[in-house]
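S.K.: Structure incoming, see below.
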Amino acid sequence: QVQLVESGGGLMQAGGSLRLSCAVSGLTFSNYAMGWFRQAPGKEREFVAGISRDGGSTYYEGSVKGRFTISRDSAKNTVALQMNSLKPEDTAVYFCAARWVYFKLLPNEWNYWGQGTQVTVSS
């Protein structure tokens, strides 16, 4: 069965850094684009970053561009999100997701999801 397991969330002061990791099993990793989404209280889930199957293409939501970096390790079947210069508005539950072949921006177009990890940024 497919499993995506996130780790690395926590509490951080504004300006600090966190690194999220997602371990993927039960699927052929190289066939799937990977992405990170987040959902703040009372808000809809939103796209944060995506990476292509071979890692050659990445895409970021505007507010995180230049601060967050998505990467993948095909040897370990993991995807990471390095988050720098964190802001209070980055506070949310962060989800790892997998999509067959190409990444998309809408959550309902993704095939598999992790359970989420909480990121809280204090001012």
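The values are calculated or read from the model by the stated rules, or taken from the named source; none is laboratory data. Please read all numbers here as calculations on a predicted model, not as lab measurements. Cβ: placed from backbone, ideal geometry, glycine included. Neighbour counts: every protein chain shown. Note: accessible area is taken over every heavy atom of the protein model, side chains too, but ligands, DNA and RNA are not part of it. Shrake-Rupley method; radii C 1.70, N 1.55, O 1.52, S 1.80 Å.
S.K.: Projected onto the charge dipole of the chain (+1 at Lys/Arg Cβ, -1 at Asp/Glu Cβ, origin at the Cα centre), which of Gly8, Phe47, Ala80 gives the Cα projection farthest towards the positive end?
M.R.: Ala80
S.K.: Let me ask you something else. How many angstrom lie between the Cα centre of region 1-69 and the Cα centre of region 97-114?
M.R.: If you average the Cα positions of each part, the centres end up 11 Å apart.
S.K.: How large is the accessible surface per residue of the chain, computed with a 1.4 Å probe and reported in Å² as a whole number?
M.R.: The answer is 51 Å² per residue.
S.K.: Sticking with this structure for a sec: When the dipole is taken about the Cα centre of region 6-98, and only Lys, Arg (+1) and Asp, Glu (-1) are charged at their Cβ, what size is it in debye, to the nearest 20?
M.R.: The dipole of region 6-98 has a size of about 100 debye.
S.K.: Expressed as a whole percentage, what fraction of the accessible surface of region 55-102 belongs to carbon and sulfur atoms when a 1.4 Å probe is rolled over the protein heavy atoms?
M.R.: Accessible surface attributable to carbon and sulfur in region 55-102 totals 51 percent.
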